[in-house]
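Take a look at the structure set out below.
The values are calculated or read from the model by the stated rules, or taken from the named source; none is laboratory data. All of these numbers come straight from a predicted model, not from anything done at the bench. Neighbour counts are summed over all protein chains in view; Cβ atoms, including those assigned to glycine, are modelled from backbone coordinates with ideal geometry. Note: areas computed on protein heavy atoms with side chains; ligands, DNA, RNA excluded. Shrake-Rupley method; radii C 1.70, N 1.55, O 1.52, S 1.80 Å.
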Amino acid sequence: MAKRLFVLLVLGITLPCSFTSSTYAAERTLWVYEGGSFENTSGTTWIETTKDVKITFGEVTRNNDFIEMYDKNRELSVRLYDTRMYWRTPKDKQWNFLRRGRWKN
């Protein structure tokens, strides 16, 4: 009986946390920065818009920390975190900070 109660208690704590985390990952669709934005327009398609240009990215991965996307024309990967953006190319060993921004919904 005590073992069954423990299992129910653990499930009661972890299941809502899992749901909340995946819900947060799903609701991020617009990341803004000074002078531009990234918008999830359809499925895994993202458009970066500035006053001069629109660039299409394909989403590669999404988790609670960041969304990673790739621009195949420039061979450029981008990661959008809650308040920062990083980039790298295939020849880079590490991610490079580019700018600050934020999620907006």
> What number of residues in the stretch 51-72 are farther than 16 Å from THR41 by Cβ and either in contact (Cβ under 8 Å) with a residue 24 or more places away in the chain or of a type in the set (Lys, Arg) (or both)?
Replying inline: 4
> In the stretch 81-91, what residues are over 17 Å from LYS104 (Cβ atoms) and assigned to a strand (DSSP E or B)?
Replying inline: TYR86, TRP87, ARG88
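Listed here are the residues, each with its yes/no results for (1) aromatic (Phe, Trp, Tyr); (2) at pLDDT 95 or above; (3) outside any loop (DSSP other than H, G, I, E, B).
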| site | (1), (2), (3) |
| --- | --- |
| LEU9 | no, no, yes |
| ILE47 | no, yes, yes |
| THR61 | no, yes, yes |
| ARG79 | no, yes, yes |
| PHE97 | yes, yes, yes |
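This table checks each residue for (1) at pLDDT 95 or above; (2) small (Gly, Ala, Ser); (3) open to solvent by 80 Å² or more (accessible area, probe 1.4 Å).
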{"residue": "PHE19", "(1), (2), (3)": "no, no, yes"}
{"residue": "THR29", "(1), (2), (3)": "yes, no, no"}
{"residue": "GLU34", "(1), (2), (3)": "yes, no, yes"}
{"residue": "GLU39", "(1), (2), (3)": "yes, no, yes"}
{"residue": "ILE55", "(1), (2), (3)": "yes, no, no"}
{"residue": "PHE66", "(1), (2), (3)": "yes, no, no"}
{"residue": "ASN73", "(1), (2), (3)": "yes, no, yes"}
> Which of the residues belonging to the stretch 63-77 are over 10 Å from the mean Cα position of the chain (by Cα) and not in a loop (DSSP other than H, G, I, E, B)?
Replying inline: TYR70, ASP71, LEU76, SER77
> Is there a residue being closer than 24 Å to TYR24 by Cα, of a type in the set (S, T, N, Q) and exposed (fewer than 12 other Cβ atoms within 10 Å of the Cβ) anywhere in the stretch 84-95?
Replying inline: no
